[in-house]
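In what follows, a single structure is set out as structure tokens and then discussed.
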């Protein structure tokens, strides 16, 4: 059974401007997704970030899956971005990583 991403991903306005990150770290979900999109294996990512576990990397993918389905659009949007009407940076970063142009 895959872990619930909510157990591993947090977003707080006072840390990294509210961008989703691995709980207990300053490692952004978008950074991990970028490593995966570049073809790095889970083992290579853990070698680069020894404090991460496989479950945390899987949680990043599950978060991206749920975000790309539209269920979480704006879920992690910092309040300063809500008032301006802009989408969360993390939403666009994940969308760019998941949707590749031919």
Taking a crude spin-label model, label points 7 Å out from Cα along the C-beta direction, the residue 48 to residue 12 distance in nm is 2.6 nm
The simple spin-label model distance between residue 23 and residue 40, using points 7 Å out along Cα→Cβ, in nm, is 2.3 nm
The simple spin-label model distance between residue 55 and residue 68, using points 7 Å out along Cα→Cβ, in nm, is 2.4 nm
Sorted on mean Cβ neighbours within 10 Å (highest first), peptides 40-48, 58-66, 4-12 come out as 58-66, 4-12, 40-48
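We did not get these values from a lab; they are worked out from the coordinates using the rules stated. None of these values were measured; they are calculated from a predicted model. Glycine also receives a Cβ, built like all others from the backbone with ideal geometry; neighbour counts cover every protein chain displayed.
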